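The values are calculated or read from the model by the stated rules, or taken from the named source; none is laboratory data. Worth saying up front: this structure is predicted, and the values here are computed from it rather than measured. Cβ atoms come from the backbone with ideal geometry, glycine included; neighbour counts cover every protein chain shown. With ligands, DNA and RNA removed, areas are computed over all heavy atoms of the protein, side chains included. Shrake-Rupley method; radii C 1.70, N 1.55, O 1.52, S 1.80 Å.
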Amino acid sequence: MHDKEKQVEQLLVNANQSLNFLRTVLDDLLTKKEDLKFEIRQRIFISQKNYKVHKAVLTNTQNLLSKKKISFPDKLLIHLANNLRKRITIIIEEAIELDRLR
């Protein structure tokens, strides 16, 4: 397997771990939902929507990589890797921000 493909696959694993952390924080906040201020509940709702978008993107990327019949061009793999790095950063920042609200 190509080095860039391995890198993208490892970034997918990292992104899924970050997403799991976000899901854990969201689930914990949802159990306390009734005790939270309206602004925090609104933030939770937005984060849930963001979670669904991130999950869909990661699932589609995994499916794309697993069903490939030819190797991808290096430029595409580099773009995927850069996109995943940015997505991981966004997910972690969102999870940390929500974790502070707990």
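Taking the full set of protein chains and a 1.4 angstrom probe, give the accessible area of residue 57 in square angstrom, rounded to the nearest 10.
Rounded to the nearest 10, the figure is 40 Å².
Tell me, what is the 1.4 Å probe accessible area of residue 49, in Å² to the nearest 10?
Approximately 110 Å² of residue 49 is accessible to the 1.4 Å probe.
Using only the alpha-carbon atoms of the chain as identical scatterers, what base-10 log of I(q)/I(0) does the Debye formula give at q = 0.16, 0.18 Å⁻¹?
Each listed q maps to, in turn, -0.69, -0.81.
Excluding ligands, DNA and RNA, what is the solvent-accessible area per residue of the chain at a probe of 1.4 Å, expressed in Å²?
For the chain, the solvent-accessible area averages 67 Å² per residue.
Could you compute the net charge surrounding residue 53? Neighbours are other residues with a C-beta less than 13 Å from the C-beta of residue 53; K and R count +1, D and E count -1.
Overall, the nearby charge balance is +3.
Counting each DSSP H run of 4 or more residues in the chain as -39500 (n - 2.57), what helix-only mean residue ellipticity at 222 nm follows after dividing by all residues, to the nearest 500 deg cm²/dmol?
Counting only the DSSP helices, I get -30500 deg cm²/dmol.
Given +1 on the Cβ of Lys and Arg, -1 on the Cβ of Asp and Glu, and no further charges, what dipole in debye does the chain carry about its Cα centre, rounded to the nearest 20?
Roughly 340 debye for the chain.
Considering Cα pairs under 8 angstrom that are at least six residues apart, work out the relative contact order of the chain and quote it in whole percent.
57
Across the chain, how many lysine pairs separated by 8 or more positions, or lying on different chains, have Cα atoms within less than 15 Å?
5
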